[in-house]
Amino acid sequence: MEWSACLDEYEKLVYRMTTPRVVIDNAVCPTATLVKVDSARKHGMLLHAVQVLTDLNLSIKKAYISSDGRWFMDVFHVTDLNGNKLTDASVIDYIEQSLGTIHYGRTHDFSGLTALELTGTDRIGLLSEVFAVLADLQCDVVEAKVWTHNGRIASLIHVKDCNSGSPIEDTQQIDRIEARLRNVLKGDNDIRSAKTSVSMAVTHTERRLHQMMFADRDYERKPILRLSADSPVVTVQNWVERDYSVVNVQCKDRMKLLFDVVCTLTDMEYVVFHATINTAGDRAYLEFYIKHTDGTPISSEPERQRVIQCLQAAVERRASEGVRLELCTPDRQGLLADVTRTFRENGLNVTRAEISTSSEMAVNVFYVTDAIGNPADPKIIDSVRQKIGLSNLKVKELPPLVYHQEAQREEQGVGVAGTVLLSLGDLVRRNLYNLGLIRSYS
């Protein structure tokens, strides 16, 4: 009996050391819900925690990360998109269950789909050509994300065969798809070789997009389109006494900012030992104490500059400027080709896109600018909406200057301001649906 009791205690110790402990507290802070995670330190655990929270579209207002030997504790101050504490029991349960597992890197379920990875030189109308090729080759786009940065484009597109509804596994068909898309991506004067490949889709989609743009070395290129003057400020210094490299990032606050920075540090093989994240108004201040996975700090000036460039790129990739347009309409073959062709014909450039389908409905988000990266003319946006359908394509966000002009111009009817944010309930149901926890969010 004594030996059995010892075994029980040993099993409890092993479980305690390998399973994160999660506490969600709504009592301590009056303005945010505290999510506390402590566990044995393991490379990637911080990224996993941040990923779980950001995949639910939660806003991380503050965070404290501390590592003591082989143990660490993370404390996140989070709110919903409306700035409220978390009260939905299903969301709280999901966070507890997801952070309490040790299966890092969990991704959405894209089984039954073929994943296409594309990188190349961005240009106006490129997305229209890509979707036209896929429609011509009988590929139905189910999910897709498109990022652009410094004149480069990266996209992860999940497709299935239009006729059978099955994943595309025929090697000859895959070769045809890759060859056609590669020709589109090359264009007439691409000094780099465009890349297309079929992926097993085992990595988190947005992490994979960061990896693709990093491999494409977008951070080394100078921007072609006009960028905001509010660029991220990144500094890197060494704390010699403690063998840490101290990274500071100051920039405009936005959703998923912490994920983008931690994702980049993790994939560059740095470990975050301590960190403090603060937000004030629309500004974010992030400080990280990092080392290489082998325990050494940043050791050269070229490496320091590379970290600065890569973190600046990580912040900028998702901070797309332009008008946010949301398309919600019954899905059909060739829909994306038709919509993006209309954008191209009206001189609109797509800087970022998120494509999804659910229950035969297409729910798509596009960020558009004019051809040189300036805010699109509201009259052109109105014209495009008329062609696609006013009830189908709606303006959800505008750049500040255009927003105020539109607010003054549209004093009657449904104003832009009332449609900036979706309701939290819809967002939560949609995210839980995408994570496979409910069958429908309609």
Take each of the peptides 81-91, 209-219, average the number of other beta-carbon atoms within 10 Å over its residues, and list them starting from the highest. 209-219, 81-91
Out-of-range pairs (alpha-carbon distance over 31 Å; input K85/K222; K252/K379; K61/K160): K85/K222; K61/K160
Pair-distance profile P(r), taking every C-alpha pair of segment 15-55, with 10 angstrom steps and integer %: 25, 49, 24, 2
Rank-order 27-35, 369-377 by packing density, defined as the average count of other C-beta atoms within 10 Å over each peptide's residues, highest first. 369-377, 27-35
When the dipole is taken about the Cα centre of segment 305-367, and only Lys, Arg (+1) and Asp, Glu (-1) are charged at their Cβ, what size is it in debye, to the nearest 20? 300 debye
Packing rank of 153-159, 51-57, where each peptide gets the mean count of other beta carbons within 10 Å, highest leading: 153-159, 51-57
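Readers should treat all values here as calculations from the given coordinates under stated rules, not as data from a laboratory. This is a predicted model, so every value here is computed, not measured. Neighbour counts run over all protein chains shown; Cβ positions are idealised from the backbone, glycine included.
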